Amino acid sequence: MKIAWINEFPSKPKEFLQYFKTQFKLSLEELSKLYYLTLKINSLSDSPIYKFLERTPPHIKFDEVGKREFILTLPMFTLRILFREHLDLRLVKALFLVLSKKLPKDFFKDCMPKHSIITSQDLIIELLTEEEKHFLPAHLKSKHLILLFQIRGSCEELLSLVPFLGILVIKNYSDYYGILTSFSISEFIIFSLNLKEKNLLKDEIEKLLEKVKTFYPDCFIEI
């Protein structure tokens, strides 16, 4: 079994789609599980935020960073669920109006609204770039900066790791089985501890931790 950090790929959404579609032969649904967005949200009232969180959308990372100012990170997979099932929420409507102008249309396949959307002006949403996320404070960066990994192994080996993983893609390629998955920096540290307890990938995990630490040393001080 082997694990590798995929840290060199296009960050722009259109190029990201093409890269992973070509290199890993992924479907749109699989791609949507790997592409994460981080948004800065300012709200003039608490209601849109509370109503959104009441629905407990899966796989989100959410922090209040100021008075009615929030950071939200989530995969496109979750956004597609929100657009299909929760478009009655003001925040989801605002997310759609902003992101539909910034992301490839492919991401919105099968989840486009049937009617035009009108939303109030009490929400301001900004999509953060990868560069901007690197300038977040360490405690936020360790939670909202997402790292992608590929794990190769036999079917049995990979299935043994599933309880320690969040959202993932499992592929059966011609010469190996592979998992593509993501972690925040803090999640990857927890995942590493779990693998060490099971005596799995011990040497490779140590090397990866050192590599991640080299890129983001401030996050390890916080953690």
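Observations on the structure shown:
- Cα gyration tensor category, rounded, prolate or oblate, for segment 38-160 with a/c compared to 1.5: oblate
- The chain, accessible surface, carbon-and-sulfur percent (1.4 angstrom probe): 52
- Fully extended contour minus Cα-Cα distance, from I118 to E197, at 0.36 nm per residue: 23.3 nm
- Reducing segment 72-96 and segment 124-138 to their Cα centroids gives an inter-centroid distance of 19 Å.
- Among the lysines of segment 7-70, pairs that are 8 or more positions apart or on different chains and have alpha carbons within less than 30 Å of each other number 21.
- Around L74: net Lys/Arg minus Asp/Glu count, Cβ-Cβ under 12 Å: +3
- Tensor-based shape of segment 117-223 (alpha-carbon gyration tensor, a/c under 1.5 rounded, otherwise prolate or oblate): oblate
- Nearest-0.05 FRET efficiency for K14 and S154, computed from C-beta distance (R0 45 Å): 0.80
- Charge context of Y36, other residues only, Cβ under 11 angstrom, K/R +1, D/E -1: +2
- Rounded if a/c under 1.5, otherwise prolate or oblate - segment 107-161, Cα gyration tensor axes: oblate
- Across the chain, Cα pairs under 8 Å and at least six residues apart give a relative contact order of 24 percent.
- Using a simple spin-label model with pseudo-atoms 7 Å out from Cα toward Cβ, I60 and A4 lie 3.5 nm apart.
- The chymotrypsin sites (Phe, Trp or Tyr not before Pro) of segment 154-221 that DSSP puts in a loop, and whose beta carbon has at most 11 other beta carbons within 10 Å, are Y173.
The values are calculated or read from the model by the stated rules, or taken from the named source; none is laboratory data. Note that the structure is predicted; figures quoted are calculated from it, not measured. Glycine gets a Cβ as well: all are built from the backbone with ideal geometry, and neighbour counts include every protein chain shown. Keep in mind that these areas ignore ligands, DNA and RNA; they rest on the heavy atoms of the full protein, side chains included. Shrake-Rupley method; radii C 1.70, N 1.55, O 1.52, S 1.80 Å.
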